[in-house]
Structures are given as C-alpha cells and as structure tokens.
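Down below is the structure, laid out as structure tokens.
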Amino acid sequence: MITIYLHEVRFINTEPNLPKPLSMKVVLFVSLLFTFWLLSCTGNKDNRVITFQLSKSDYIEKINVPGTVRAVVNFPVMPPRRMFGQMTIVRLAPDGAFVKKGDTICVLSETALESMYQEMLTSIETLEAELKKTAADNQLNIALLEANLATSEAQQKISSLDSLQMKFATEVQKKLLELEMKKAMIEKQKTERKLAATKTIGETDIRQKKARIIQEKTKAQTYADQINSMTIIAQRDGIVMRTESPTFSIMSSQGTGTFGGPLREGSVLLLNTPVLQFPDLSKMEVSADVAEADFKKIERGQKVIITVDAAKKLVTTGKVNRKSLASSATQRYSRSKVKLYEVIIDVDSCHSKIKPGLSADCEIILREARDTLFVPTLAIFERDSTKVVYVLGKKDFIPVKVETGSSGSSYTIITNGLKGDETIALSEPPNSLIIPEKEGADTIKNRNLK
C-alpha cells in the first residue's frame, strides 16, 4: 500500500476589487489523477491505494465563461425612411468610437433614389428649355399678329380716304368702295380676336409649363432631402456601437441565401433596423456564452466575479439576471457544434474603464459553503445501497457510511459520517485491506471515545 498525503491550502480574498487567486482544487484534482494513472501503470495494482487527507475548508463550485460587456439601455440611430429600393452602408463609424455632436457617423446610398433624382434634374432642364421655346414662339406669333393688325388698320384708313370720292363715283364704284371698307373692317376684327386668343393660349401654356416645373422641382427637392438625410450626423457626444440586423433566409431559383448579421460597410439594410446606437454607460451588463452542460446549473441571483482584461484587468462583481434558451450571438455566427446559450449578468458597479464591446471573463459561483467538509467525488463508493468512504486505520481501511449534500463536478459535501481529520482512499481498496464492517464500526467507536 502506498499512502500519499495531500494537503490543500486555500486563500480567501477579502478585497472586492482585487482578483482572487486561482483555486488549488483544480491543481489538486489533476495531480491526483496523474498520480493514480502513474501508479496504475506499473507493478501490482492490488496493494496500491492512493489516499487523501481530509480537512474542513470553504467549498466553492464555479464555472468560468466568456462574455461581452454591453449597456442595458441604448439610444438607437435609425436610418431614413426608404423611398424606392434598398439602402447600402457606404461608411460607418468604428465600433466603440467616441464621437462629438455634429460628426458624420454613417453614410448610406440608395441607387434607385439617386437614379430617380438625376432623371428628375434632367426632366427639369428639358421642361425649362421647352418653357423658353414656348415663350419665344408665343412672342413671335404675337408680333406677327400685331403686324397684321397694323396692316389692317392702315388698309381701313386707306379705305376711309377713298370714301371721299364716293359722291363723284358711279353706283358700281360706290358699291365696290363700300365692300373694300367692310373687308378692311372684318380683317381688323379678325386679327384682333386672333391676337387676343394667341395671347391667352400662350399665357396658359406658359403657366402650365411653369407649374409642371415647380412640381418637378418639389419632387427633386424631396429626393435631394432624402439623399442628404442618408448622411447621418451625431446628435450628441458619446460612444457609438455598431448593431446587427436580424438574420433570415430567402429562397430563390439559385438557392437559399441568408441575410442579416452584424452591420458593416457594404451591408444592405433590408429592414428598418438601427445602424448604430449610443449606449447609456450608467448601467452595464454582460452577455455571457455558456455551454449547454453548464447552462442547466445557472440560476438567477448567483454571484459573479467579472474580470475585464482590456480595462487594466479591472475586477468587479455582478449577479445573474436571466438566461435565454435561444442560441447566443456567438453561436449564430459560428460553425462550432458545441451549443452555446446566452446568460445576462448585471454589473453591480460601473467603472469608467468598462466600455461596451469589451470582452469579460465571468466566474459564476454556483455553490458556496464556508468551513465545510467535502471529499473528491471519486472517493465515495456504493456498498449495499449505501454510500461509503474508506477511512485509513493503522494499516487497513474501514468502510464508513456517509451522508452527502451538494455535489459538484469533482467534489461532494459530506453532511454526516466523517469528522474531517480522516485519511480516505481515492480508489476502492482490495478486500484484503478492508476491515469487516462490524470490526470497523467498533474501531471507529473506540477512536471517537479516545
């Protein structure tokens, strides 16, 4: 029999703002497994039993998971309303950048809108050219009619002068002169009506063309305002964070395509989602990615030690707020077969160094007990439907019935059956080294009496 005495030393950090030293239990457990494997590889196994010296200490079961710091409240930066087609991000402020009010934080482009705007400008130029031509033609027609009217008036005056000769003229000549005067009067009246109609028609045509130009300019201004609104200006000072668009699939004749995800330059905005957001730094939380095996152990209210390496290894505390059965963001954009779920952790106090988007290491305390007795789980054996631990006597091992409490991945709390100063076996001893149960009970009784 080979006896190895292992003692554990645990340091409890009482300073809340300082990182706790690494737990020695992991090192201890690995050392035990390695030693057990080393001894089992050589010689006769029957007489080799690894033992463990018990002592009461603080029991802490915890898991470490990665996470990302983010703000609880965010003020979204929305894109302008789409008018025709899809908007594409041309330029976007870097994630986590500090901007000032008035800075350009996003530039969008809508090809259909820009094309319509250019067509509208061309249409306005054409209409303005047509308006100039119509006005010129109208002025020319009016000038010609005014000349004709002047000619008619002159002809009428000539006819009036000829009427002085009527008293010396024959009857036939008189009738001819009367007809000439009547004809000159009719021509003048005809020219006057035509001139008035031409002016009216010309003015109406010009008014219509001017009204059309005003309408087209109004539309063009609307397009111009829409294009200008696609250059988004910061309305406040602060840190901006990039967002992500909901993912969805579209089936087509060429196959199924997946759209959405984190927004960046070149991304197409298919839905009315924020392009950026201003986080409120007064209250922060951590979105942690937890494997399926550990997800079931996490409960609301559990204490969390949060370490942010990028903030000069800042350490703070928090509590589990909620957990989601939906896959985490890391899982959605990863090809890993390991299922990850999201756990939200509230940060107790927000330091100025903690910024959204920073990575955080979260130490979630699953169970915690002070000054308690716990043993390696592999040291507990089933015997006659009861749990026993083999306690080392002088030379042999005594099977002792125990009652257990909470159990972690490596250790189990003992609530009854052991005092805490025993030496126990980590592997089941051979029968030749086990004292019969009755003798063992007497030995334990005598030991307790002493």
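Every read-out reported here was derived from the displayed coordinates using simple, explicitly stated rules and does not represent laboratory data. Given the structure is predicted, the values throughout are model-derived calculations rather than measurements. Here the Cβ positions follow ideal geometry from the backbone for every residue, glycine too, while neighbour counts run over all protein chains shown.
Annotations for the structure displayed:
- Above 19 Å, the calculated P(r) of region 274-412 contains 65 percent of its Cα-Cα pairs.
- On full extension, the segment bounded by residue 203 and residue 221 gains 3.8 nm, given 0.36 nm per residue less the C-alpha separation.
- Long-range amide H partners of residue 103 with built H, under 5 Å: 234
- The order of 120, 241, 185, going from fewest to most other C-beta atoms within 10 Å of their C-beta, is 185, 120, 241.
- Full-stretch length increase - residue 173, residue 319 - with 0.36 nm per residue and alpha-carbon distance subtracted: 40.2 nm
- Taking amide hydrogens as placed 1.01 Å from N in the peptide plane, the amide H of residue 97 sits under 5 Å from those of 240, each at least 5 positions away in sequence or on another chain.
- Residue 411 long-range amide H proximity, modeled H, under 5 Å: 377
- With 24 Å as the limit on Cα-Cα distance, the pairs of 188/210; 100/219; 133/199 that go past it are 188/210; 100/219.
- Dipole magnitude for region 112-229: about 620 debye, using +1 per Lys or Arg Cβ and -1 per Asp or Glu Cβ, origin at the Cα centre.
- Centroid-to-centroid separation of region 59-107 and region 350-423 [C-alpha atoms, Å]: 44 Å
- Cβ-Cβ FRET estimate between residue 190 and residue 121, R0 fixed at 35 Å, reported to 0.05: 0.20
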